[in-house]
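Taken together, the values in this text are just the output of simple stated rules run on the coordinates, not laboratory data. These numbers come from a predicted model, not from an experiment. As a convention, Cβ positions derive from the backbone with ideal geometry for all residues, glycine included, and neighbour counts pool all protein chains shown.
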C-alpha cells in the first residue's frame, strides 16, 4: 500500500512538474506591423528583445513605404476579422478611426494613469481619444520650415517677411523659386495648411464646428494662392509631395522648404550639396499668433483581437523605452518622444539639432481627432488643391469647404 | 435529356454564382445599410438613403464623366496605335522577333512601377521632357498640375502601357488571315489601302472587338495608374469611380456608401453596354438594308 502511495505522489509530482515546465517553455509569438523604414531601423532592437525575452518570439512584418499603403494593409487584415498582428505602428491621424471601428484595445489598464508623464510637450498629443489611451508614441514628427543659411542672415518669422526675402532673392537671380511645400491633393497638403491656419490665428474645428470660412482660414488660403500666382512657389506645387519638394530644395532652386525632420538627415548627408548651408525653424505666423508645427508622430497600438496581449505590451514597453528611442536617434536620426531622451547629454552632443526639434515639437498642433478625419481632410485638400491650380478663387473654395465639412459632421453626428 | 445538360453545367454555374452573383447580391444588400466607422462597422438598415446620397453626390457624377472621358480617349488611342503596331510587326522585317519582344515590354511592367516612372518623367521641372523643353528655351509643361492637361497625361501613360496588349491581340488576328487573299488582291491590282479596308479590317473585326472589350473593361475600372500618378488630383480632375469607391471603403471606412458607388457605376456601365449593343444591332440592320 505504501509503495502505491509513493508511486502516486511521484507520478502526480512529475506530471505537474512537467506541465509547469511545458507552460514555462511555451513561447508566445508577437507580430508587429510597421512601415518598411521603421522595420529596418528597429531590427537591432528586435533581436536584442528576443535575446533578453526567451519566452516571447517577436517578429516584425515589413509593411509598405507609403503611410496610407500601410493603413490599407492593416485595414484589409482587420476587416477579415483575424488579423495576424498584435501591435500596429500607427500614424497619429489614424487613431480615432481605428478606435471607433473597435479594432484597438485601450492602453490605460496596462500603462496606468501616468503613462504619458515622461513625454516631451507636444508628443503627448494625439494618443488619447474619447477619454482613453489608444496609442503610445515611439517617434515624433513635426512640420518644419527649412531655410538656407548661405542666402540670408535669419529666417523669416512672418508671412510678409517670407515673401519679401523670396522676392529679393529671386530678383537677384540667386534662386529660381522662393518657397516650396506639399501642394499635391493628399494628406500632406492638410498638414501644410494646418500650420498656416494657426499662424493666421484660425482653427480647423472649434467646439466640433468647422471654422474654414473664418477670416483667418481665408487669409491662409489666399496666402497659398498668392505664393503660386506671384511665382514665389512654382505652379508645379499642385502635384508636389515630400520627395518632389525635397528635390527642388536640394538642387538649390528654392530658398525655403516645408518638410518633416527626415529631410534634415537627407540634407546633411556627406554628398548633399546643401550640407552645412541649411537650418530649420517653425512655420511663419502673423504677429500674435503661434508658429505652428503639424504633429505627425508614430506610435504603437494594441489590437483588440490579439491573443498575446501581455507579451505584446512587454514589446511595446521595450520598443518605446528611453534606451530604444536613444538608439533610434543615434543610429537613424529619428526624433524621440520622451523628455528624458531629449535631455540626454550624449545625444545632444551627437545631434545638436535635437534641441531645436524639441522646441518645434512644443509648438505642435494636432489635426482634428475625429473618426471621420479622413473625410474632413479629403474635403480640405481637394478644395485647397483647386485654389492652388487656380481653378477656383479662395473665397468660393473656402465657403464650399465650410458647407461640405458642416454637412459631413452633421450627417455623422459630429466628432465624438 | 435536359436535366443532364444542367447537371453537366452545374459546376460552372455554381462557380459563376459564387464569384459573381453572390458578391453582387451582398453589395445590393450593403447599399441599403449604414455600415461605417460611425456604426462601429455594424450594419444598420437605412433603406434607400445611400442611393439618394449617390444621386445628389456631385463628386460621383464628376468621377463618372472623368472615367468615361479617360476610357474613351485611352481606348481609342490604344486601338489605333495597337493596330498600327500590329500591322508593322506583321511585316517581314529583319529582327522582327526582337522588335516584337521589345514592344511587349511596357505591358510586362507592373502598373504601379510604370506609374511611378511616368510621375518622374512628367515631373515639373526636373523630368526629362521638361528638361528638354527648358534646354530649347521653351516653357515647362505642367503635366501633373493643371487639370486640363493632367488627364491627357494619364491617357498617355495608359496608352504607353496597354498599346502592346492590343497590338498582341491584333497580331494574333492578322496571322489567321490566309496569305492567298492578299496574293489574289495583289493580282487584281488592289492598292494597299483597298487591301486594308476590304480584307484586313473585315477579317480582323472579331479580334478588334475582343481587344475593345478587354480594354474598355479595364479602363472603366482604372485605379492603380491614377492612384500612383496623381492620387486623383489636381483639383480632383483625374479621380475615377474605382478610386472614389476605394477611398470610401479603405480610407473613410464607409462600406455602405462604397458599395453604392460600385453598384452605381456598375449600373451606368450596364446602361452603356446595352446602348452599344443596340447601336451595333441597328447598324447591322442598316447595312443589311443597304445591300
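Brief remarks follow.
- Gyration tensor verdict on the range A:150-304 (Cα atoms; rounded if a/c is under 1.5, prolate if a/b is larger than b/c, oblate otherwise): oblate
- Comparing B:214, B:20, B:165 in a Gaussian network model of chain B (Cα springs below 10 Å), the most mobile by mean-square fluctuation is B:20.
- Pairs of alpha carbons in the range B:130-178 separated by more than 13 Å make up 69% of all such pairs.
- Taking label positions 7 Å along the Cα-Cβ direction at both residue A:50 and residue A:172, the computed distance is 5.6 nm, reported to one decimal.
- Three semi-axes describe the equivalent ellipsoid of the range B:46-281; taken as square roots of 5 times the Cα gyration tensor eigenvalues and ordered largest first, they are 37, 26, 14 Å.
- Projected label distance in nm at residue A:348 and residue A:149, using a 7 Å step from Cα toward the beta-carbon: 1.9 nm
- Cβ-based exposure ranking for A:246, B:212, in which fewest neighbours within 10 Å come first: B:212, A:246
- Of the peptides A:120-129, B:38-47, B:136-145, the order by per-residue mean of other Cβ atoms within 10 Å, starting with the highest, comes out as A:120-129, B:136-145, B:38-47.
- Computed across chain A, the Kirkwood radius stands at 23.2 Å (inverse of mean 1/r, all Cα pairs).
- Between residue A:275 and residue A:82, the contour length at 0.36 nm per residue exceeds the Cα-Cα span by 64.7 nm.
- The alpha carbon centroids of the range A:24-57 and the range B:96-112 are separated by 43 Å.
- Put the Cα centre of the range B:257-280 next to the Cα centre of the range A:68-117 and the gap is 38 Å.
- Between residue B:40 and residue B:18, the modelled label-to-label distance comes to 3.4 nm, taking each label 7 Å out from Cα in the direction of the beta carbon.
- Chain B: relative contact order as a whole-number percent, Cα under 8 Å and 6+ apart: 28 percent
- When B:9, A:240 are arranged by Cβ crowding within 10 Å, least crowded first, meaning fewest neighbours, the order is B:9, A:240.
- Taken as Cα centroids, the range A:226-298 and the range B:209-226 sit 39 Å apart, rounded to the nearest whole angstrom.
- Taking N as its residue count, the alpha carbon Rg of the range B:1-88 over 2.2 N^0.38 Å: 1.77
- Bridge type composition, the protein assembly as shown - antiparallel percent by DSSP, nearest 5: 65 percent
- Calculated over the range A:327-387: convex hull of Cα atoms, volume per residue (Å³): 135 Å³
- Modelled FRET efficiency - R0 45 Å, residue A:36 with residue B:87, Cβ distances, 0.05 increments: 0.50
- Per-pair calculated FRET efficiency, R0 = 51 Å: residue A:266 and residue A:5 via Cβ, rounded to 0.05: 0.10
- Residues A:277, B:161, A:269, arranged from fewest to most other Cβ atoms within 10 angstrom of their Cβ, appear as A:269, A:277, B:161.
- Calculated FRET efficiency for the pair residue B:133/residue B:76, C-beta based, R₀ 30 Å, to 0.05: 0.65
- Ranked from largest, the principal axis spans of the Cα set of the protein assembly as shown equal 102, 101, 57 Å.
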